[in-house]
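The values are calculated or read from the model by the stated rules, or taken from the named source; none is laboratory data. What you see is a predicted model; the values in this text were computed from it and never measured. Every residue, glycine as well, gets a Cβ built from its backbone with ideal geometry; the counts of neighbours run over all protein chains shown. The protein model used for the area step is the full one, side chains on, heavy atoms only, and it has no ligands, DNA or RNA in it. Shrake-Rupley method; radii C 1.70, N 1.55, O 1.52, S 1.80 Å.
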Amino acid sequence: MTELSLSRPRSLTFRLVRLYVGLALYGGGIALLVESGLGLDPWEVFHQGLSIRTGWSIGMCINLVGALVLLLWIPLRQRPGLGTISNVLVVGTSADVVMWLVPAPGVWPVQWTFLLSGIVAIAAASGLYIHAGFGPGPRDGLMTGLHRMGLSIRLARTIVELTVLAAGWLLGGTVGIGTVVFALAIGPLTQVFMKLWAPAGVTTRSPGTQPS
């Protein structure tokens, strides 16, 4: 989980732009991962598997799961912010729009381009979203809630993500080389974008989290 010394931009308008551009870009990055066909991050494996079983769009599953995860915040005594609620509404919708606009590639060089572009987009989106300062995404809030109950962030994240990865795989979600590449690349790339998008005077001390 992010350990940051955050200083929010003074302009509310600027923060809102960061928030919604970040959320839309995050959804677009998810769409590119899905369209690559090379593998997804754990939560997207679960969303895709749920989509396969229900016939709903992946974006609808992303938004629905986000809303259901928010219900788990109640016993964990977590409080959602504007960014949390917006996450539930925007990320999945953006993913569906991009998947509708961008056809799946049929050759491996383009598949890899989609995969790598999606990972970079998600990392860039995470930096924008986090520095907007409107609250964590539903899934990251679940991690911090479990942390407040005594689990380390590392252990909480490992348990939750391995659980959703296994469930998603059993449901038919795509686990592949892209899953491994995502796991190795997302932390360092997010840290780069956290520094790049940071307002003046802000320093980062450890890799950022995604607005999931």
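Taking all protein chains as present, what is the carbon and sulfur share of the accessible area of segment 22-133, in % to the nearest whole number, probe 1.4 Å?
With neighbouring chains kept in place, the figure for segment 22-133 is 72 percent.
Rounded to the nearest 20 Debye, what is the dipole magnitude of the chain about its Cα centre when Lys and Arg each give +1 and Asp and Glu each give -1 at the C-beta?
In debye, rounded to 20, the chain gives about 740.
Across the chain, what fraction of all alpha-carbon pairs, as a whole percent, falls in each successive 10 Å bin from zero upward?
Pairs per bin, as whole percents: 9, 36, 39, 14, 2.
Per residue, what accessible area does segment 66-174 have, given a 1.4 Å probe and all protein chains present, in Å²?
Per residue, segment 66-174 has an accessible area of 50 Å².
For a test of the definition: using alpha carbon positions, the gyration tensor, and the 1.5 limit on a/c, classify segment 16-71 as rounded, prolate or oblate.
It is oblate, given that a/c is not under 1.5 and a/b is not larger than b/c.
Could you tell me which of rounded, prolate or oblate describes segment 9-128, using a ≥ b ≥ c as the square roots of the eigenvalues of the alpha-carbon gyration tensor, with rounded for a/c under 1.5 and, failing that, prolate when a/b is larger than b/c and oblate otherwise?
oblate
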